[in-house]
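Written out below as structure tokens is the structure these notes cover.
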Amino acid sequence: MATLVVLLTIACSSDTDEDAAASQPTVVATTETSARATDKSTAQSTQGAAPAASPSTTEPTASPAQPPADTPAPSETEAPDPDPAAASLVSQIVPPDGCTPGASTDEQKAKLVEIAQAVFPGENNEERPRLKWDPEARDHRRGGIWLVAEFNGDEFETIAEKKTDLDTMMRVAYEALFTSGCDELNWVDLTANSKTLTHPGEYGKVAKLAVVVFKTRLKKEVAETVDWSNAEALDFNEIWDNLLLNPSWAKELRELEQEGQ
């Protein structure tokens, strides 16, 4: 009976099962019978207990996400052509060879006119001649050659599309002219025509006619600073001089820019 009292006293004074187990050897040393009973009870308890499940066996294994069956592979997705008309025009352009070293002024003028004709070939998308008239290579009062060309742009539903198309055609023309090796070329003026609403005649009737909508100029000293190998990535509206932009075009483009901010 004394042994049982001591055992109960120790169990009640322990804070945890681990402390109780640690204190049991002191009691076992005093009574052999109690030690055997304790060992037997512990063994039965151990054998009857189910093994604890390992976290790794109870947690589900996540399978990798599978893409939908109809999702095309990245290589099959093609970016849309942002300016198909301009891309089509560029594909038609085959500039002639440039000026030969030491070419005379007259020879350079003739070559520059030939290049300008080559970069504005055929007709626009409404079958109007691309060139409004033949390009002219003139003597500039400040010296050098001044080339002037006027052309018809392609017609699209929005002014933004038309402007993008004109930007591309002008950039291609400037690159061909200023990389031609014609060293007397001093500056170039390009003028674009497109259909827009006008008030022709004395009665003020509204009509949609092809008129001058955009005019730019690029001078030799500026052209020599342009990285033509990276021309497609440049904003030439910040490079060339904008001499004229149709008021209705300017208004719509400004509104689009404000909406995008």
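The values are calculated or read from the model by the stated rules, or taken from the named source; none is laboratory data. For clarity, every value in this text was computed on a predicted model and none was experimentally measured. All Cβ positions, even for glycine, are placed from backbone atoms using ideal geometry, and neighbour counts span all protein chains on display. Ligands, DNA and RNA are excluded from the accessible area calculation, which covers all protein heavy atoms including side chains. Shrake-Rupley method; radii C 1.70, N 1.55, O 1.52, S 1.80 Å.
Counting only protein heavy atoms and a 1.4 Å probe, tell me what percentage of segment 159-237's accessible area is made up of carbon and sulfur. With neighbouring chains kept in place, the figure for segment 159-237 is 48 percent. Database remark: amide H of LEU131 closer than 5 angstrom to the amide H of ASN152 (H placed geometrically; neighbours at sequence offset of 5 or more, or on other chains; Pro and chain starts carry no H). Return the long-range amide H neighbours of THR198 (sequence gap of 5 or more, or a different chain), with a cut-off of under 5 Å between placed amide H atoms. So THR198 has HN proximity to ALA207, LYS208, LEU209.
Solvent exposure of segment 129-261, expressed per residue, is 55 Å² of accessible area, with all protein chains present and a 1.4 angstrom probe. Between HIS140 and ASP97, residue separation times 0.36 nm minus the direct Cα-Cα distance comes to 13.1 nm.
The charge dipole of segment 114-261, taken about its Cα centre with unit charges on the Cβ atoms of Lys, Arg (+1), Asp and Glu (-1) only, comes to about 600 debye. Here the Karplus curve 6.51 cos²θ - 1.76 cosθ + 1.60, taken at θ = phi - 60°, turns the phi angles of segment 154-171 into couplings of 7, 9, 10, 6, 10, 5, 4, 5, 4, 5, 4, 5, 5, 4, 5, 5, 5, 4 Hz, with x standing for Gly and Pro.
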